[in-house]
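Take a look at the structure below.
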Amino acid sequence: MVKIGGWGLPKTKRSEAPFYTKNQIVTVFDQVAVLLELDGANLFRVRAYQNASRALGQLEKNLFELVKSDSLTQTKGIGKGLASLVKEIVMTGEWGKLKDLYDKVPAGLVEMVGIPGLGPKRARILFEELEVSTVEGLKSACEQNLVAELQGFGAKSQKKYLDGIDLLRRNQGRTRLDVGLGFGLALKKRVSGITGVIQVELAGSARRRKETIGDLDLVVSATPENQKSVIESVLDLPGIADVKGAGESKISLILEQSVLVSDNSGGKLDQSLSETIMNRAEDSTIDAQIRIVSPEMFPFTLAYFTGSKEHNIRMRQLAIDKGLRLNEFGLMPETEIEGLVGIDAAKYSLSCVDEGQIYHYLGLDWVTPELREDNGEIEAALSKSIPNLVEVSSIRGALHNHTTASDGQNTLDEMADEARRLGWEYIGIADHSPALRIGGRSIGVDPDAVEIQASEITSYNEKMEDQGEIFRVFHGSECDILPDGKLDYSEDVRGKFHHVIGSVHAINTWKSRDEQVNTDAIITAIEDPSFTVLGHPTGRVLQVRDGFPVDMLQVIERMGEINREGELKAIEINASPYRLDLDWRLCRTARDHGVPILINPDAHSIEGLSDIAYGVDIARKGWLEAKDVLNTLPVEKIDHLLGK
Ligand code: DGT
Ligand code: CA
Ligand code: ZN
């Protein structure tokens, strides 16, 4: 997906060859393929850039060495012409004729390709047929029904573009939590290594663990005499694509992927995590605001820039009620500061060694950052009832994971071994049911294969027992909820599983229907005796598509009723950072209706199991404590609940 933020030819920071890195060239070639397609170039040229980009991306040898020895043409996928272009780029820092191409294609057309569901080929047709060359232009063409009438497009495409434009506008310049947090933590780690830095903390939406992040906010403390050198060192860090501004106490940067490159100091796990994020980050960039303050000011600046704005407003009002002024510089008695403002007033601030003291001055308990959304946390802090939120270390297993039996990348044994390595007591395997088709082919487990999987699981469990290990594999299914609310598989087959996770996958059908029809169908599915867990409840994919219309309150109420009748019906927080569904805003509703919540990584590989951490972030943001989360229970209890 093209993202305007990282669009354009990079400028080199080096004074000698190699002027550009492999990753930079890969990114540019991907963009060039899009530009060529938008420009109506012939398909062979488009393919040449796509192939070269892929070939470079997979290159295992050092690019600079290959270029110097003129052996790049021996790499499959890179023709003579592009090999010599790469040589020019690496050796001279010039981009050949590519600059002209970037200048030639209208920026609005490039932005159009950022609309989810609209590729360069169709953007080109819209440009030629309707003379549309901006997102706004396309929106108005859709509203006049012009796109629906265009040959090969139709009403469905038109609706898709309108939805896509809406989504684009809402997401503009935002980054998913995993990638944003990955950038943020990497930056924090690098800054903490700078001489003279006393404290550094991530603030803003990243600290509050919002599902998407606009920009990063980092607060740094250093003594006044060190601040200048700290700022200079920050500007010298790797991974900075551009400096938007640098003053005495604030730096504004654009970070790029290379900030994520691990220095290996965190060991193998750290490295594999940073590789996962690298892959997921694609060619994205993110803005970062860094504030450098004195140690006395640090807690105030951190609290202020952690936000949210709504939380800050409540805090400031509480301060006013006590005759105090609260801002990013300090907490000052009004009687002492009179006409003074800003840093001058801050000289009279009450001293606070940490955020907790600021809250205490205002009569509050410290508020966990995830809760700072003015959703009742101020009241809870006033009445000393801030919840003790669930932590990753409380998680003892998870029930929704895939193997090579459906679309996973690792075998059952590999997934189970990894779960043990993570210290879990159990893992639930839940491969897809046959109704799920991708590219015309079912990727689900047919009933015969279910039997085979069952015996594999039995032997793994026997092995554990023989070894005297407390570890269990539960045999589940991620069973499709069909459009009429029936579950996939026969009753007989479903009865063989420890747990059935019901999920909707035929999302287009559900998106085109009425909310109550969908709600009724989900409730029908939940009422089936074999049904145990509602998987990714709305089907949303963050920044790609909204979920289908459904009244979650009705669904949760019904689930609560059945739980009170003694049958387990749990709801999932799908921890994949692409989903984070159930939404954190609904977690308390589920809890209050007595619906147990399961945090599930929906892992399709061993690396995917670590996604559990994002699910825990969302559960925390949703006010959940360990007792509200089913998979903090030990294996015997889970075994008992699943009742097999
Ligand atoms: P984002 O970046 O859109 O994901 O969301 P935040 O929450 O990181 O917002 P951002 O980066 O605009 O500002 C960081 C924090 O600074 C914000 O959460 C609260 C504080 N802040 C910014 N502007 C204001 C303001 O006008 N009033 C108050 N009270 N606080 C503000
Ligand atoms: Ca921010
Ligand atoms: Zn799944």
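The values are calculated or read from the model by the stated rules, or taken from the named source; none is laboratory data. If you're wondering where the values come from, they're calculated on a predicted model, not measured in any experiment. So basically every Cβ, Gly included, is an ideal-geometry build from the backbone, and we count neighbours across all protein chains shown. All accessible areas refer to the heavy atoms of the entire protein, side chains included, with ligands and DNA or RNA removed. Shrake-Rupley method; radii C 1.70, N 1.55, O 1.52, S 1.80 Å.
Model label sites at ALA17 and LEU553, defined 7 Å from Cα along the beta-carbon direction, differ in position by 6.7 nm. Taking the average, over residues, of other Cβ atoms within 10 Å as the packing measure, peptides 206-217, 556-567 rank 206-217, 556-567 from highest down.
If R0 is 22 Å, the Cβ-Cβ spacing of LEU162 and ILE125 corresponds to a FRET efficiency of close to 0.80. Residue order by solvent-accessible surface for LYS347, LYS160 is LYS347, LYS160, largest first, with ligands and nucleic acids left out and a 1.4 Å probe. Taken over the C-alpha atoms, region 452-522 has Rg and Dmax values of 17.0, 53 angstrom.
Take the Cα of GLN151, go 7 Å toward its beta carbon, and the backbone nitrogen atoms of region 27-52 under 19 Å from that spot belong to 40.
Note on region 299-382: along the principal axes its Cα atoms extend 34, 22, 21 Å, ordered by decreasing extent.
Calculate, for region 392-643, the solvent-accessible area per residue in square angstrom, rolling a 1.4 angstrom probe over the heavy atoms of the protein chains.
Numbers: 9790 Å² over 252 residues.
Solvent-accessible surface per residue comes out at 39 Å².
On average, how much accessible surface per residue is there in region 299-382, in Å², for a 1.4 Å probe, leaving out ligands, DNA and RNA? Numbers along the way, then the final one.
Values: 3870 Å² over 84 residues.
That works out to 46 Å² per residue.
The residues packed around PHE305, meaning those with a beta-carbon under 12 Å from its beta-carbon, carry a net charge of +1 if Lys and Arg are +1 and Asp and Glu are -1. The slack in the chain from ASN62 to SER512, taken as 0.36 nm per residue of separation less the alpha-carbon distance, amounts to 157.0 nm.
Compared with the alpha-carbon gap, the fully stretched path from THR404 to THR92 is longer by 107.7 nm at 0.36 nm per residue.
Please report the carbon-and-sulfur percent of the accessible area for region 124-265; probe 1.4 Å, protein heavy atoms only, DNA, RNA and ligands left out. Roughly 47 percent, rounded to a whole number.
Would you mind checking LYS11/LYS210; LYS160/LYS210; LYS68/LYS189; LYS160/LYS189; LYS250/LYS347; LYS68/LYS97 for any pair whose Cα atoms are more than 30 angstrom apart? Let's see the in-between values first.
Details: LYS11/LYS210 32 Å; LYS160/LYS210 26 Å; LYS68/LYS189 35 Å; LYS160/LYS189 41 Å; LYS250/LYS347 20 Å; LYS68/LYS97 22 Å.
Table pairs above 30 Å Cα-Cα are LYS11/LYS210; LYS68/LYS189; LYS160/LYS189.
What the phi angles of region 214-220 give under the Karplus curve with 6.51, -1.76 and 1.60, with θ = phi - 60°, is a coupling list of x, 9, 8, 10, 10, 10, 10 Hz, glycine and proline written as x.
Report the rotationally averaged projected area of region 175-295 based on its alpha-carbon convex hull, in square nanometres.
Numbers: hull surface 27.2 nm².
Reported value for the Cα convex hull: 6.8 nm².
Taking every alpha-carbon pair within region 365-440, the share separated by more than 15 Å comes to 68 percent.
Rounded to 0.05, the FRET efficiency of the GLU136 and VAL392 pair, given R0 = 41 Å and the Cβ-Cβ distance, is 0.40. With a Förster radius of 41 Å applied to the beta-carbon distance between SER490 and ILE470, the computed FRET efficiency rounds to 0.75. Computed from phi, the 3J(HN,Hα) profile of region 17-31 under the Karplus parametrisation 6.51, -1.76, 1.60 (θ = phi - 60°) reads 5, x, 7, 9, 8, 3, 4, 5, 5, 4, 4, 4, 5, 4, 5 Hz, with x in place of Gly and Pro. A straight Cα-to-Cα reach below 17 Å connects LYS121 with the aspartates and glutamates ASP30, GLU37, ASP39, GLU111, GLU129, GLU131, residues fewer than 8 places away in its own chain not being considered.
Quick one: plug the Kirkwood hydrodynamic radius of region 404-508 (C-alpha pairs) into Stokes-Einstein at 10 °C, 1.306 mPa s, and report D in µm²/s. Before the final figure, lay out the partial values.
Values: Rh = 14.5 Å.
Estimated diffusion coefficient is 110 µm²/s.
Taking amide H positions as modeled 1.01 Å from N, with prolines and chain starts lacking one, the residues under 5 Å from VAL132 and 5 or more places away or on another chain are PHE127. The portion of the accessible surface of region 2-104 made up by carbon and sulfur, rounded to a whole percent, is 50 (1.4 Å probe; DNA, RNA and ligands excluded). Residue-wise HN-Hα couplings along region 166-179, as the Karplus relation 6.51 cos²θ - 1.76 cosθ + 1.60 with θ = phi - 60° gives them from phi, are 4, 5, 4, 5, 5, 9, 3, x, 10, 10, 4, 3, 4, 6 Hz; Gly and Pro carry x. With each label modelled as a point 7 angstrom along the Cα→C-beta vector, the ALA246-GLN357 pair spans 3.3 nm. Please compute the per residue accessible area over region 175-259 with all protein chains in place, 1.4 Å probe, rounded to a whole number of Å². That works out to 38 Å² per residue.
The value obtained for region 107-169, namely the Cα convex hull volume divided by the number of residues, is 68 Å³ per residue. Near GLY428, the amide H atoms lying under 5 Å from its own belong to ALA398, LEU399, HIS400, PHE474; only residues 5 or more places off or on other chains count, and H is placed 1.01 Å from N.
Of the accessible area of region 299-382, with the probe set at 1.4 angstrom, what percent is carbon plus sulfur?
Numbers: 2090 of 3870 Å².
Its accessible area is 54 percent carbon and sulfur atoms.
Computed with a 1.4 Å probe over protein heavy atoms only, the accessible area of ARG47 comes to about 120 Å². Size of region 392-643: Rg and Dmax of its alpha carbons, in Å, are 16.7, 53.
Amide H contacts of ALA241 (H built 1.01 Å from N, in plane; Pro and chain starts excluded): ILE254, LEU255, GLU256 sit under 5 Å, all sequence-distant by 5 or more or on other chains.
Compute the whole-percent fraction of alpha carbon pairs in region 2-104 spaced more than 23 Å apart.
Working: 1068 of 5253 pairs.
Result for the distance tail: 20 percent.
Volume of the convex hull of the chain (Cα atoms only), normalised per residue: 194 Å³.
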